[in-house]
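Okay, so here's the structure we're looking at.
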Amino acid sequence: MAYIALYRKYRPTNFEDVAGQKHIVKTLQNAVQQNRIAHAYLFCGPRGTGKTSTAKIFAKMINCESKTKRPCGKCDNCLAIQQGNHPDIIEIDAASNNGVDQVRDLIEKVKYAPLKGKYKVYIIDEVHMMSSGAFNALLKTIEEPPAHVIFIFATTEPHKVLPTIISRCQRYDFTKISVKDMMESIKKILEKENIQYEEEAVRLVCQLADGGMRDALSIVDQVIAYSLDKLTCEAINAIYGIVTVPEKIELLQMVSNQDAKGCMQKINEFAERGIDIKRCTNDMIEILKESVIHDYTKDASLCTILNKDEIHDAKLGRSTKERLSMIEELIKTYDQYRFASNIQSYFEVCLLNMMSIEDKEVNVSRETSSTDDISDIPETAEESVIDSPPETKQSVKKEIKGLDHEYMLSLLVGANKTYKHEDLSKLEKLSNYYLSPAWARYANLLRDMNLVASGKEYIIVGVKNEAIANEINELDAQGAFIDFMEVLLSKKKKVFAITNEEQKQLINEFIQRQKSHTLPEAASVKLEEDSLELVKNLFGEENIEIKE
Ligand SMILES: [Zn+2]
């Protein structure tokens, strides 16, 4: 008999087989019981977290002829759906069928009653890949769907789905499956398959799979093919040569605790395992970056590498500023690998340098917090831009929170009216992009902005609140806005966002400093800056480098 890949063989066919996602399963079951079925659902989440499986089980449940809480798996409808040949369950992969034609066809047939079951269910996977024409055609149908039709949209990238679609759907966010839940499911499967396993090996598989069940089972398949039906740590390390996320966090914690001996032992161990140090360095940058993003957004769904428990650990009990300094050190070292003959020793030096990173401001305020002496707590914006994460910000008086004050002033100095007039006329077309699949995210972030100033290579915009400003600045720091600006302004430009409140303060200060002739020189903005330069300019060099 041909070997069936484990992930195919053990695709969940009923709710209790879905790993994790308990809250979603329960909500869907209750909805059916109370006869409160919505007409459009949006299932969001990383790949391999059970979105399409859940969609199919849901389709089965609402068409099942038995009246139980779960699909019976025996009636005509259940069997046909299980075998993938039910005429009323229509699966569309938007990644391959992104033409308007397929959606027209869908819309054409929507009005006909179901042939076999009670409901027609359209499951549209990777819905963000649909063309804008197809999106718009679909929109009308979702607005007034016939009573017998249910749409289930699945996507790994909800931010690319039109807001008008999202607002008409009941949204469910599938989370990465926790290592614990995944281990349970995998062990059940291994036992059914009579495969011997080491407990630690199962954990390793789950960590490698990073929250995706499909990936976990593919890894198991590969390992048991290599080690003849046994799942061992040795085999996994031999095949993958990868450092797991908890291992990388552990290494970062050693750095944070100034445990030089532990660090060196760990690096030697990595070397013996044939670990790719370059990749490991990059992963450590990503881990710390996610921890910083979480400081500002408090939104765990923005983290793709770290799960909820890991986010806390990855913060290392350190301030945002300290972790940004660590990132800077890692980026610097990563850049140097190009010229290095011995990457390992560069990595070691990098970690040793990171050990001396300390946020003096934070330590000062920690020490003085028990007394009434507050003279050492920073009062100016420049000093405290980064050292206090958002939750503690209100305690520190400052003018410009997200961006470096002096740098913003130098951007204003470099701006002029001619550029502003040019840009203002082009910005009138912003609304043309609100529904564009490629640009909607950027256009909508700029929706309520006002243009503060324009320079040759940049614009400064005022926005409603800090969250929007942070989002724009974060995206821009990743180089994400430049292409949109080229489309919108016919010119590549960087976008700097400040809140309306900050705008007032900044302009007041500009006027005062102009009078006293103390304005900084005009900033020069390079569009292709390397990331380190960018971080320095954004946050101010003095905030990310501690000079002894
Ligand atoms: Zn049934």
Inset, instruction - For L190, work out the one condition from (1) more than 30 Å from K289 (Cα to Cα); (2) surrounded by fewer than 14 Cβ atoms within 10 Å (Cβ to Cβ); (3) at pLDDT 90 or above it doesn't fulfil. - result: (2)
Inset, instruction - Could you please let me know if M326 is surrounded by 14 or more Cβ atoms within 10 Å (Cβ to Cβ) and over 22 Å from the mean Cα position of the chain (by Cα)? - result: no
Inset, instruction - For residues that are in contact (Cβ under 8 Å) with a residue 40 or more places away in the chain, within 18 Å of E471 (Cβ to Cβ) and of a type in the set (D, E), tally how many sit in the stretch 483-515. - result: 1
Legend entry - the stretch 145-191, residues that are within 29 Å of L435 (Cβ to Cβ), outside any loop (DSSP other than H, G, I, E, B) and charged (D, E, K, R): K160, R171, D173
Inset, instruction - Could you tell me which of the residues Q258, Q253, Q207 is assigned to a helix (DSSP H, G or I) and either more than 26 Å from the chain's Cα centre (by Cα) or modelled with pLDDT under 85 (or both)? - result: Q207
Inset, instruction - Return the total of residues in the stretch 456-503 being under 18 Å from the mean Cα position of the chain (by Cα), surrounded by fewer than 17 Cβ atoms within 10 Å (Cβ to Cβ) and not hydrophobic (A, V, I, L, M, F, W, C). - result: 2
Legend entry - Residue tally, condition in a helix (DSSP H, G or I) and in contact (Cβ under 8 Å) with a residue 24 or more places away in the chain, over the stretch 225-248: 8
Inset, instruction - Kindly indicate the residue of the stretch 90-139 that is closer than 28 Å to K67 by Cα and small (G, A, S) and also surrounded by the fewest Cβ atoms within 10 Å (Cβ to Cβ) among those meeting that condition. - result: A113
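Among H39, H86, which is modelled with pLDDT under 95, of a type outside the set (D, E, K, R) and touching a Pro at 6+ places or on another chain (Cβ under 8 Å)?
Among H39, H86, only H39 is modelled with pLDDT under 95, of a type outside the set (D, E, K, R) and touching a Pro at 6+ places or on another chain (Cβ under 8 Å).
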Inset, instruction - Starting from the stretch 57-68, keep only residues that are assigned by TED's automatic domain parsing to the domain that holds A80, then list their pairs with residues that are modelled with pLDDT of 95 or more and within 8 Å of the ligand (Cβ to nearest atom) whose Cβ atoms are within a distance under 8 Å, requiring at least 6 positions of separation or different chains. - result: none
Inset, instruction - Quick one: in the stretch 47-56, of everything that is in a loop (DSSP other than H, G, I, E, B) and modelled with pLDDT of 90 or more, which residue is farthest from the ligand (Cβ to nearest atom)? - result: T49
Inset, instruction - Can you tell me which residue among I81, I92, I123, I142 is at pLDDT 90 or above, more than 16 Å from the ligand (Cβ to nearest atom) and among the β-branched types (V, I, T)? - result: I123
Inset, instruction - Select from the stretch 68-78 the residues that are near the ligand (Cβ under 10 Å from one of its atoms) and in a loop (DSSP other than H, G, I, E, B) and write down the one among them that is farthest from E16 (Cα to Cα). - result: C75
Legend entry - Unique residue being aliphatic (A, V, I, L, M) and closer than 27 Å to D299 by Cβ when the list is V487, V463: V463
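Give the residues of the stretch 412-423 that are in a helix (DSSP H, G or I) and surrounded by 13 or more Cβ atoms within 10 Å (Cβ to Cβ), sorted by residue number.
L412, V413, Y419, K420, E422, D423
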Legend entry - Answer residue from the stretch 57-67, given it is more than 22 Å from Y112 (Cβ to Cβ) and among the hydrophobic types (A, V, I, L, M, F, W, C) and is farthest from the ligand (Cβ to nearest atom) among those: I57
Inset, instruction - Within the stretch 22-36, work out how many residues are out of contact with any helix residue (DSSP H, G or I) (no Cβ under 7 Å at 6 or more places or on another chain) and either modelled with pLDDT of 95 or more or away from the ligand (no atom under 16 Å from the Cβ) (or both). - result: 9
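The values are calculated or read from the model by the stated rules, or taken from the named source; none is laboratory data. Everything quoted here is computed from the prediction, not taken from an experiment. As a convention, Cβ positions derive from the backbone with ideal geometry for all residues, glycine included, and neighbour counts pool all protein chains shown.
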